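Data block below; observations after.
The values are calculated or read from the model by the stated rules, or taken from the named source; none is laboratory data. What you see is a predicted model; the values in this text were computed from it and never measured. As a convention, Cβ positions derive from the backbone with ideal geometry for all residues, glycine included, and neighbour counts pool all protein chains shown.
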Amino acid sequence: MERLTLLGLPLDPVDMEEALRRIGGFLEGQGTHQVVTLNPEIAVRAQEDQALRRAIGEAELVTPDGVGILWAARRLLGVELRERVTGVDLTLALFHRFPGLRVYLLGGRPGVAERAAAEARRLGAEVVGFHHGYFSEEEPVVEAVRRLAPDLLLVGMGERQEAFIHRHKAHLGAKVAMGVGGTLDVLAGEAQRPPLWAQRLGVEWLLRVGLDPKRWRRAPRLFRFAYMVLREKR
């Protein structure tokens with residue numbers, strides 16, 4: 001299917017297999033290709049954050065990350081998307097599909113990227129470098145990534161990640177750059193994924209928000225997303 005438009009944002013109606021196939025093509029191409037895993041929270045922020053909106057609009061691949069996106073596509077567009085393609089699932093699938101993939105990990109607190117790198121190596125990736133996400137000067141970090149020219153740059157810097165990739169896209173030297181949220185924390189063992197039943201039912205986000213007080217401030221965005229979809233439907 002061709003690219004869709006959901007709440008003014010692009011969305012590629014891909015499942016995991018198609019996402020892997022497209023990224024495989026990016027890895028064989030020239031230049032840096034940005035991958036965005038679109039979830040309801042990002043969709044809400046993009047309504048007011050122009051830098052984020054531009055990053056999503058110019059990304060080469062935008063996957064449906066979250067049951068809310070599947071629901072919105074069905075309700076607003078009449079499209080039944082086959083499955084969620086989340087940042088953590090896509091990362092793990094890339095390690096499995098492309099053994100020896102040259103990866104740079106960027107984000108997390110000091111020490112997190114290093115531990116995530118060890119796990120990525122165990123899963124078959126060739127980690128060429130890593131750096132924490134607590135930096136104020138971006139140019140030295142961008143230059144470090146450019147020198148190493150990874151196949152895959154994983155950026156776990158929360159609300160900064162998509163705009164950071166887009167801003168430096170021409171100078172990163174990576175074939176694929178993807179914002180992955182808390183994936184580095186998962187790889188590092190800092191965060192545990194919810195039970196498999198929650199992942200299969202698509203309520204992973206609900207458990208994360210409900211069990212982590214630090215995430216409670218993000219809950220209003222989820223309600224706003226539902227309101228946006230229902231308002232658009234009317």
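Please specify each residue of segment 161-173 satisfying the condition of being surrounded by 17 or more Cβ atoms within 10 Å (Cβ to Cβ) and part of a helix (DSSP H, G or I).
Gln161, Glu162, Ala163, Phe164, Ile165, His166, Lys169
Taking the condition of being over 18 Å from Asp151 (Cα atoms) and in contact with a Leu (Cβ under 7 Å, 6 or more places away or on another chain), how many residues in segment 110-126 meet it?
Here the count works out to 1.
Has segment 137-155 got any residue that is on the phi > 0 side of the Ramachandran plot and surrounded by 19 or more Cβ atoms within 10 Å (Cβ to Cβ)?
no
Considering each residue of segment 43-81, count those that are acidic (Asp, Glu) and over 15 Å from the mean Cα position of the chain (by Cα), and give that number.
3
Taking segment 174-183, which residues are assigned to a loop (DSSP other than H, G, I, E, B) and on the phi < 0 side of the Ramachandran plot?
Within segment 174-183, Ala174, Lys175, Val180, Gly182 qualify.
Select from segment 44-75 the residues that are more than 21 Å from Ala93 (Cα to Cα), touching a helix residue (DSSP H, G or I) at 6+ places or on another chain (Cβ under 6 Å) and of a type in the set (A, V, I, L, M, F, W, C) and write down the one among them that is surrounded by the most Cβ atoms within 10 Å (Cβ to Cβ).
Ala72
For a quick check of your reading: which helices (runs of 4 or more DSSP H) sit entirely within segment 1-106 and have at least 2 residues that are under 18 Å from Glu159 (Cα atoms)?
40-45, 50-57, 87-97
Inspect segment 108-115 for any residue being surrounded by fewer than 17 Cβ atoms within 10 Å (Cβ to Cβ) and part of a strand (DSSP E or B) and give the result as yes or no.
No: zero hits.
Only one residue in Gln199, Gln192 is part of a loop (DSSP other than H, G, I, E, B), among the polar types (S, T, N, Q) and modelled with pLDDT under 80. Which one?
Selected residue: Gln192, the only one of Gln199, Gln192 that is part of a loop (DSSP other than H, G, I, E, B), among the polar types (S, T, N, Q) and modelled with pLDDT under 80.
Can you spot a residue in segment 124-143 that is of a type outside the set (Lys, Arg), at pLDDT below 95 and either in a helix (DSSP H, G or I) or touching a helix residue (DSSP H, G or I) at 6+ places or on another chain (Cβ under 9 Å) (or both)?
Checked against the condition, which is being of a type outside the set (Lys, Arg), at pLDDT below 95 and either in a helix (DSSP H, G or I) or touching a helix residue (DSSP H, G or I) at 6+ places or on another chain (Cβ under 9 Å) (or both), segment 124-143 yields no hits at all.
So which pairs qualify, if the first residue must be in segment 61-90 and in contact (Cβ under 8 Å) with a residue 24 or more places away in the chain, the second must be surrounded by 24 or more Cβ atoms within 10 Å (Cβ to Cβ) and of a type in the set (Asp, Glu), the Cβ gap must be under 8 Å, and the two must be at least 6 apart or on different chains?
Arg84/Asp65; Val85/Asp65; Thr86/Asp65; Gly87/Asp65
Of the residues Glu58, Glu41, only one is within 29 Å of Gly173 (Cα to Cα) and out of contact with any Phe, Trp or Tyr (no Cβ under 9 Å at 6 or more places or on another chain); which?
On inspection, the qualifying residue turns out to be Glu58.
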